[in-house]
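Okay, so here's the structure we're looking at.
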There are 2 protein chains.
Amino acid sequence: MRRASEETKATILDAARDRFAADGYERATIRAIAADACIDPSMVMRYFGSKEKLFAAAAHFDLELPSLVQVPRSEVGERLVRHFLDRWEGDEALMILLRSGVTNAVAAERMQAIFAEQLAPVVAEVAADPSAPASTRAGLVASQILGLALCRYVLRFPPVVEMSREEVVRWVAPTVQRYLADPAVPPPTPR
Amino acid sequence: MRRASEETKATILDAARDRFAADGYERATIRAIAADACIDPSMVMRYFGSKEKLFAAAAHFDLELPSLVQVPRSEVGERLVRHFLDRWEGDEALMILLRSGVTNAVAAERMQAIFAEQLAPVVAEVAADPSAPASTRAGLVASQILGLALCRYVLRFPPVVEMSREEVVRWVAPTVQRYLADPAVPPPTPR
DNA sequence: TATGTTGGCCAACGTTTGTTGACTTCACTC
DNA sequence: GAGTGAAGTCAACAAACGTTGGCCAACATA
């Protein structure tokens, strides 16, 4: 079958995203990706150069975080949690990074960059309280959000999977809200 | 060199734990493990049968969670966070599971089992408030604890790495405390 | 009809993987 | 001192991997 070049490239990229999301970097093979795309493995090399470059193309993505300046300060935690739930469930890009970032250095760096460049600025907008730097707050938010995704979508811990979306929001939003806006607990003052 | 059988087996197991913790299941090769243990790869097979069985032996471990019944109810979150920090930093077993559980089904099941059999009972002891089942509370605790470990020890997000141990406790302990003991936020009642 | 370009397939390469079986070397018992 | 069993080495296996280069067929332009 004969297609336009860009069409084939997009087909390969779709298949690659599926495989990287399901298997992680090492277990997702060029051959399997090519089979999914009904194409010869050598085509993958022709269009993307190498497995590493294919991964770089597949892992390119945007958190699409909305600015939170317009949101009432007391609701920023909830808004962020809802946005991330949408993002995890609607797109496999974060799954690619989570599955690959744990064993692949390139993926880990990419993940760091995404959170530094996309999450940190949004957090900085709403982190009015000066008792902790915005970067620390962003790190804490990331720890809860990624841990939730890990348990719910990757490790599939039954109690976490069984929670409804609204239950998740009711439990996790206050945590994120606190990380975003509350003052840091002061260290105990010895005397 | 000639050694007792059990000694060699232990040497192999040590090397295997190091490699699995550093590289995850797929990237840790039998050959590399054998080289670290200064032994022939075929010895690994003789003693453990297969790579899967070697992994099963290496991933066998105990959270060593203390019972929390004697701990004042208001301090259980802090105690749990401190215990996990000790555990992450003192032993690589949790790192093995975290690095491998994301791509390896056996490791993911093992992880599920450990949290169900070891964390859930301890949580059940202190989860007095009946507005949420103890299993849900355990899942939430796992999400925050594993997310913290992911960001701090695996992905190495700079702001999370740079936090001192005490800072981590001051931020995360209240979260875990709330998951353990606080009443669930009631759903909004439409009228 | 010739020609150059381009999408696609095929066969193979060199390497690495888990795994196997035969062989050697030591320590001990009869 | 011959013989047995276990500890350890060596070489090789089949399979899978990323990657390469050559060949074929369809199209566009002349």
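Answer yes or no: is there a residue in segment A:9-27 that is free of Cβ contacts under 8 Å to residues at least 12 places away in the same chain, open to solvent by less than 60 Å² (accessible area, probe 1.4 Å) and away from chain B (no Cβ under 14 Å).
yes
Just a yes or no: is a residue in segment B:91-98 more than 14 Å from chain A (Cβ to nearest Cβ), more than 15 Å from DNA strand D (Cβ to nearest atom) and either more than 25 Å from A:T103 (Cα to Cα) or not in a helix (DSSP H, G or I) (or both)?
Yes, the conditions are met somewhere in segment B:91-98.
If you check A:E78, A:E64, which single one turns out to be closer than 30 Å to A:T175 by Cβ, away from DNA strand D (no atom under 16 Å from the Cβ) and crowded, with 17+ Cβ neighbours inside 10 Å?
A:E78
Does B:V123 meet the test of being modelled with pLDDT of 95 or more and over 26 Å from A:E166 (Cβ atoms)?
no
Each row is one residue, and each column tells you yes or no for (1) of a type outside the set (S, T, Y); (2) in the same structural domain as A:E109 (by TED's automatic domain parsing); (3) over 19 Å from B:E26 (Cβ atoms).
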{"site": "A:T11", "(1), (2), (3)": "no, no, yes"}
{"site": "A:I30", "(1), (2), (3)": "yes, no, no"}
{"site": "A:A34", "(1), (2), (3)": "yes, no, yes"}
{"site": "A:A37", "(1), (2), (3)": "yes, no, yes"}
{"site": "A:D40", "(1), (2), (3)": "yes, no, yes"}
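For the structure I just gave you, tell me whether B:A57 is surrounded by fewer than 20 Cβ atoms within 10 Å (Cβ to Cβ) and more than 11 Å from DNA strand C (Cβ to nearest atom).
Yes, satisfied.
Would you check if B:D40 is more than 10 Å from DNA strand C (Cβ to nearest atom), more than 30 Å from B:E125 (Cβ to Cβ) and either within 14 Å of another protein chain (Cβ to nearest Cβ) or free of Cβ contacts under 8 Å to residues at least 24 places away in the same chain (or both)?
no
Can you name the condition, by its number, that B:P183 falls short on among (1) in a helix (DSSP H, G or I); (2) over 30 Å from B:K53 (Cβ atoms)?
(1)
Could you identify the single residue in B:V123, B:V81, B:V76 that is touching a residue at least 40 places away in the same chain (Cβ under 8 Å), farther than 28 Å from A:A105 by Cβ and away from every other protein chain (no Cβ under 14 Å)?
After ruling out the rest, the residue left standing is B:V76.
Could you give me the residue pairs with C-beta distances under 6 Å whose first residue belongs to segment A:162-187 and is of a type in the set (G, A, S), whose second residue is at pLDDT 95 or above and buried (at least 17 other Cβ atoms within 10 Å of the Cβ) wherever it lies, and which are 6+ apart or on separate chains?
So the pair list comes out as A:A173/A:G77; A:A173/A:E78; A:A173/A:V81; A:A184/A:A132.
Would you check if B:L148 is touching a residue at least 12 places away in the same chain (Cβ under 8 Å), in a helix (DSSP H, G or I) and either out of contact with any Ser or Thr (no Cβ under 7 Å at 6 or more places or on another chain) or under 18 Å from A:M163 (Cα atoms) (or both)?
no
Checking B:A113 against (1) more than 8 Å from chain A (Cβ to nearest Cβ); (2) without any contact (Cβ under 8 Å) to a residue 24 or more places away in the chain; (3) open to solvent by less than 10 Å² (accessible area, probe 1.4 Å), only one condition comes out false. Which one?
The failed condition is (3).
Restricting to segment A:146-166, give me the number of residues that are at the interface with another protein chain (Cβ under 7 Å from one of its Cβ atoms) and under 13 Å from A:F115 (Cβ atoms).
1
One line per residue, one yes/no per condition, for (1) in a loop (DSSP other than H, G, I, E, B); (2) surrounded by 19 or more Cβ atoms within 10 Å (Cβ to Cβ):
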{"position": "A:E117", "(1), (2)": "no, no"}
{"position": "A:P130", "(1), (2)": "yes, no"}
{"position": "A:A173", "(1), (2)": "no, yes"}
{"position": "A:V176", "(1), (2)": "no, yes"}
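I'd like the residue in segment B:46-70 that is touching a Leu at 6+ places or on another chain (Cβ under 9 Å) and aliphatic (A, V, I, L, M) and, out of all such residues, is nearest to B:R19 (Cα to Cα).
Taking the candidates together, the pick is B:A58.
The values are calculated or read from the model by the stated rules, or taken from the named source; none is laboratory data. Given the structure is predicted, the values throughout are model-derived calculations rather than measurements. For neighbour counting, all protein chains shown are included, and Cβ atoms are generated from backbone atoms with ideal geometry for every residue, glycine included. In case anyone asks, the SASA skips ligands and DNA or RNA and just uses the protein heavy atoms, side chains included. Shrake-Rupley method; radii C 1.70, N 1.55, O 1.52, S 1.80 Å.
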